[in-house]
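One structure is given here, and the rest of the page talks about it.
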Amino acid sequence: AADSFIERIEAADDAEAAMADIGELLQGDPDPETAAAVADALLVRYPASAGAHLVQARLALASGDMQRAAERLDRALALDADNIDAILVRSRLKAVQGDVDGALAMLDEAVARRPDALTLRIGQAQLLVESGRRERAGAALDALAERADGDPDTVLSLGMLAMETDRADLARTAFSELLALGEHRDQAHFQLARLSDMAGDLADAVAGYDAVASEALYVTAQLRAAELVAQAGAIEQAQARLAALREVVVDPSMQPRLVGAEGRLLQRAGRAEEALAVLSDGLDAFPDDGELRYARALAADGAGRPDLLVSDLDLLIQAEPDNAHALNALGYHFVQQGERLDEAADHLEKASALLPEDPAVMDSLGWLRFKQGQ
């Protein structure tokens, strides 16, 4: 196996780029022993190659050996201080290990040395966004926008990072540019629809979601479009959209999600009994689906069926003892009814341990303490 990779490297116009591609390939190899053997053979053949050390680092990361990964990355950078892949992986490792300042310093120095390396700028901006340094992130995004020069992948990264930092105008400009370039069209339509959605322009949002065709985004886009149509008061039209979606979705695991979506639409429209009927039919078809059972429990509450709420939540908690939302819902129901408060306490204290910062759980536990005279 190693010989074929060596032949591939030697035949390549850019040996280091070929080495980087092989490293990514080996990192995803389901046979770690074979991947390690190939990586060792590459290092023996190319001991002075930064790429060979980077291959070793990638495999160490895949196996969770952070120390070895850091050592190999440092060796790669000693051989080639401007190796972009090594800089990006090493800075990411620093950040994961808690040294965000060190990671950013490394990226700042690298960007200063190679200001036109767009992937470095993207890595820098990404880490600034993730670490919450919004002012610096904004400046980095503006600098990236100035240098993107119509590169589709860079423009896509710019748009996505702008979304994360609430830079709606910059995001809209980036995604509109992608449409003009004819690149990443589905992602561009989807994100532009999200921007219209957040701005309250429902018609534009629905049109944008309808323009999405890729399998990866299609269901999510259509579900949101149906929600917006229902929000505008056209419940039957929204239901028709979901029915059509069920006809074309091939993945059977998606079907319960679509049933649940219809149930939520009906509940939000105040049609609790219809929601209950839809979700009950769904549970007949998918009796082991926890999300559907939880949804029916909530619908049962709205339809005046507390007995069904309790039985559904009991069944769900038996199947999923750590389902904090089910524990909270059942505990809250008992508190509201002023009954079985000891059982409510068990459920809500466990839910609080699982989700200590969840406002709904805090609220339920507060009501319980009030009912207990505490």
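The values are calculated or read from the model by the stated rules, or taken from the named source; none is laboratory data. In this text the structure is predicted, and so the values were computed from the model without any measurement. Quick reminder, even Gly has a Cβ in these numbers, built from the backbone with ideal geometry, and neighbours come from all protein chains shown. To get the accessible areas, we keep the full protein, side chains included, count just its heavy atoms, and leave off ligands, DNA and RNA. Shrake-Rupley method; radii C 1.70, N 1.55, O 1.52, S 1.80 Å.
With a 1.4 Å probe rolled over the protein heavy atoms of all chains, the accessible area of M19, M106 falls in the order M106, M19, largest first. Computed about its Cα centre, the charge dipole of the chain is approximately 800 debye, with only Lys, Arg, Asp and Glu carrying charge at their Cβ. Computed from Cα positions, the angle between helix 324-337 and the longest principal axis of the chain comes to roughly 20 degrees. Given a Förster radius of 22 Å and the C-beta distance between S214 and D153 as r, what FRET efficiency does 1/(1 + (r/R0)^6) yield to the nearest 0.05? For R0 = 22 Å, the calculated efficiency reads 0.85. Of the residues F286, F334, the one with the largest accessible area comes first in the ranking F286, F334, computed with a 1.4 Å probe on protein heavy atoms. For the stretch 226-374, carbon and sulfur atoms together expose 51% of the accessible surface, with a 1.4 angstrom probe and every protein chain in place.
The heavy atoms of I84 offer some 40 square angstrom of accessible surface to a 1.4 angstrom probe. Full extension of the segment from R45 to E236, taken as 0.36 nm per residue of separation minus the current Cα-Cα distance, would add 62.1 nm.
If you run the Gaussian network model on the chain, springs between alpha carbon atoms under 10 Å, then out of Y218, Y209, Y332 the most flexible one is Y332.
Helix 168-181 and the longest principal axis of the C-alpha atoms of the chain enclose an angle of approximately 70°. Taking every protein chain into account, the accessible area of the chain amounts to 50 square angstrom per residue (probe 1.4 Å). When the chain is treated as a GNM with alpha-carbon contacts under 10 Å, the residue of Q124, Q27, Q337 showing the greatest mean-square fluctuation is Q337. Charge dipole (Cα centre; +1 on Lys/Arg Cβ, -1 on Asp/Glu Cβ; no other charges) of the stretch 292-373 amounts to roughly 200 debye. Express the Stokes-Einstein translational diffusion coefficient of the chain in µm² s⁻¹, to the nearest whole number, given a Kirkwood radius over alpha-carbon pairs, 20 °C and a viscosity of 1.002 mPa s. So the translational diffusion coefficient is about 86 µm²/s.
The gain in end-to-end length when the E135 to E343 segment is fully stretched comes to 70.0 nm, 0.36 nm per residue minus the alpha carbon separation. In order along the stretch 32-45, the phi-based Karplus estimate (6.51 cos²θ - 1.76 cosθ + 1.60, θ = phi - 60°) of 3J(HN,Hα) comes to x, 5, 5, 4, 5, 5, 5, 4, 5, 5, 5, 5, 5, 6 Hz; Gly and Pro are listed as x.
Please find, in a Gaussian network model of the chain (springs between Cα atoms separated by less than 10 Å), the residue of Q191, Q222, Q97 whose mean-square fluctuation is greatest. Largest GNM mean-square fluctuation: Q97. Counting only alpha carbon atoms, the long axis of helix 134-147 and the longest principal axis of the chain meet at about 60°. Note on the stretch 1-125: with neighbouring protein chains present and a 1.4 Å probe, carbon and sulfur make up 50 percent of its accessible heavy-atom surface. Ranked by solvent-accessible area (1.4 Å probe, protein heavy atoms only, all chains present), the residues E274, E236, E343, E215 order from largest to smallest as E215, E236, E274, E343. Within the stretch 344-374, whose backbone N sits under 18 Å from a point 7 Å along Cα→Cβ of D322? Taking a point 7 Å out along Cα→Cβ of D322, the residues of the stretch 344-374 whose backbone N falls under 18 Å are 347-358. When only the Cβ of Lys, Arg, Asp and Glu is charged (+1, +1, -1, -1), the dipole of the stretch 193-297 relative to its Cα centre reaches about 220 debye. The length gained by stretching the chain between E7 and M254 to full extension, at 0.36 nm per residue less their Cα-Cα distance, is 84.5 nm.
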